[in-house]
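Right, one structure below, let's go through it.
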Amino acid sequence: GNATELRSYRDNRSGIDYVGMDKSARMIELSHKLFTDSDFIRGDVNNMPFSNGSFDVVLLKHILEHLRSYDIPIQEALRVSRKAVIVSFLHRLLPGNTDLIIRNNQGYYDNWFSRNNFHHFLDSLGVKYRSETTPGINNQTATIYLINK
């Protein structure tokens, strides 16, 4: 995306060193225009162009729903992080064991993943995690996971 969270990090004087990544050249260009003094890299979340342990924390915000699967992106995020991965799902995770995999007519996915399947996957990685559901705008919610290494 176009680094929307970076503005709030700066407004709150969080002191975060930020590197953004997107697959889309257009999003990278927009991000550079908005934040001329920040780093933005074009890359694929399934094969991140960073060395092991490059970052303290990796944020996967509202991206996993738009991919065929979350397995490799989460493993990649864990690989390039030293401490933790934060996952923010735009869609609430579904009860039960069924993922709804939906490819829209614009060429990307708009999936609704199963909470049980996601937890089973995280358990298989041997990581510790916790989650919270937060209220959002327009009566939407976001489910946020903190995955510790």
Could you work out how far the C-alpha centroid of the stretch 110-149 sits from that of the stretch 72-94, in angstrom? 9
Ignoring ligands, DNA and RNA, what percent of the accessible area of the stretch 32-141 is carbon or sulfur (1.4 Å)? 48
Could you derive backbone 3J(HN,Hα) for the stretch 139-149 from the dihedral phi with the Karplus parameters 6.51, -1.76 and 1.60 (θ = phi - 60°), listing whole Hz in sequence and x where the residue is Gly or Pro? 6, 8, 10, 10, 9, 10, 10, 10, 10, 9, 7
Taking 25 Å as R0, compute the FRET efficiency from the Cβ-Cβ separation of residue 36 and residue 124 and round it to 0.05. 0.05
Reachable lysines from residue 23, Cα under 21 Å, same-chain residues fewer than 8 places away excluded? 33, 61
Computed, not fitted: 222 nm per-residue ellipticity of the chain from DSSP H runs ≥ 4 (each -39500 (n - 2.57)), nearest 500, equal to -7500 deg cm²/dmol
Accessible surface, per residue, of the stretch 1-104 when the full set of protein chains is kept, probe 1.4 Å, Å²: 60
What nm distance separates the two modelled labels at residue 5 and residue 117, each placed 7 Å from Cα along Cα→Cβ? 2.3
For the pair residue 144 and residue 57, the simple spin-label estimate (label points 7 Å beyond Cα toward Cβ) gives in nm 0.8
Residues with amide H under 5 Å from that of residue 94, placed H, sequence gap 5 or more: 113, 114, 115
Among 19-32, 116-129, the order from most to least packed when residues are scored by Cβ within 10 Å on average: 19-32, 116-129
Among the aspartates and glutamates, which have Cα under 18 Å from the Cα of residue 83 when same-chain residues fewer than 8 positions away are ignored? 17, 56, 123
Rounded to the nearest 20 debye, what is the charge dipole size of the chain about its Cα centre when +1 sits on each Lys and Arg Cβ and -1 on each Asp and Glu Cβ? 140
How do 38-49, 92-103 rank on mean C-beta neighbours within 10 Å, highest first? 38-49, 92-103
Just to be sure I understand, if you calculate mean projected area of the Cα convex hull in nm² for this structure, which of (1) 10.0; (2) 8.4; (3) 9.5 do you get? (3)
Quick one: helix 25-34 against the long Cα principal axis of the chain, what's the angle to the nearest 10°, folded into 0 to 90? 50
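The values are calculated or read from the model by the stated rules, or taken from the named source; none is laboratory data. Note that the structure is predicted; figures quoted are calculated from it, not measured. Here the Cβ is made from the backbone with ideal geometry for all residues, glycine too, and neighbour counts use every protein chain on show. Heavy atoms of the whole protein, side chains included, go into the accessibility calculation; ligands, DNA and RNA do not. Shrake-Rupley method; radii C 1.70, N 1.55, O 1.52, S 1.80 Å.
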